Amino acid sequence: MAKIKLTKGELKRQRDALKQFERYLPTLQLKKQQLQLEILQQNLILEEKKRVLDQKKQAIYLWAGLLADTQINLKSFLKVDKIQTRIKNIAGVDIVLLVALAFKYQELDLFSTPLWADGAIIALQEVIILQEEIVLLNQGVVLLRQELRVTSQRVNLFEKVKIPEAQENIRQIKIYIGDQLANAVGRSKIAKRKIEALVLEEVAV
């Protein structure tokens, strides 16, 4: 703890600092709670997206063997053309969410294409969309966790360092000023008695 000045001016400064810390702490605690809740919600969404993705992949595995028996280049139907995202602000943190993902348009030859190709293309596109959503959700959770770590450090700093330090400084200054005041009163009484004694001597003479 840094040495402080034992003065009335320093006492006021420490009291003002304590008020500021105590006013700011609830805001930090609320932000910490919001971040913890949002991380929980985002993780639930993330787990649900992963579950749906696994289901879709399992469904694709059932007919994936058909892809080897066709001359269709399905990759050309899976090229991403545009990605539309939006920013969501959560407790001061900007995270990116997927709005839409568009694939490059390509004509499908209805005469040479097997009937299952349409469904295959849609299923594979859905997998790509889910994968992109999961990537963005993971990035968002990382940002939220980083902000939670910083906010938690600030809460601990205020709760365990700044507020107790200011309270202790105020206590020390008040004790010192009280002692000084008591000493001043004592000296004043001694001086008063000396003056009274001198007056009495003068009167006696």
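Taking 0.36 nm per residue of sequence separation and subtracting the Cα-Cα distance, how much length would be gained by fully extending the chain between Lys82 and Thr7, in nm to one decimal?
So the extension gain works out to 20.4 nm.
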Worksheet item: With Cβ to Cβ distances under 11 Å as the rule, what net charge do the other residues near Gln29 carry (K, R +1; D, E -1)?
Response: +2
Practice prompt. Would you list, by chain and number, the lysines whose Cα falls below 22 Å from the Cα of Lys174, excluding same-chain residues fewer than 8 positions away?
Written response: Lys3, Lys5, Lys8, Lys12, Lys19, Lys160, Lys162
Fill in: Gain on full stretching of the segment that runs from Asp118 to Asn183 - 0.36 nm per residue minus C-alpha separation
13.8 nm
Fill in: Distance in nm between pseudo-label sites at Gln29 and Ile45 (7 Å out along the Cβ direction from Cα)
2.8
Worksheet item: List the lysines whose alpha-carbon lies under 17 Å from that of Lys31, not counting same-chain residues fewer than 8 positions away?
Response: Lys88
Item to complete: Could you please report the charge total around Ile173, scoring K, R as +1 and D, E as -1 over all other residues with beta-carbon less than 14 angstrom from its beta-carbon?
Response: +3
Practice prompt. Based on other C-beta atoms within 10 Å, arrange Arg154, Arg145 from fewest to most.
Written response: Arg145, Arg154
Discussion item. Give me the net charge for the shell around Asp54: Cβ to Cβ below 15 angstrom, other residues only, Lys and Arg +1, Asp and Glu -1.
Written reply: +1
Worksheet item: How large is Rg over Rh for segment 8-195, taking Rg from the Cα atoms and Rh as the Kirkwood inverse mean of 1/r across Cα pairs?
Response: 1.45
Worksheet item: Using bins 10 angstrom wide from zero, how does P(r) for segment 85-167 break down, in % of all Cα pairs?
Response: 14, 26, 20, 16, 11, 7, 4, 2, 0
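No value in this document is a laboratory result; all are computed from the given coordinates. Source: prediction; values computed, not measured. Using ideal geometry, Cβ is built from the backbone for each residue, glycine included, and neighbour counts are taken over all protein chains shown.
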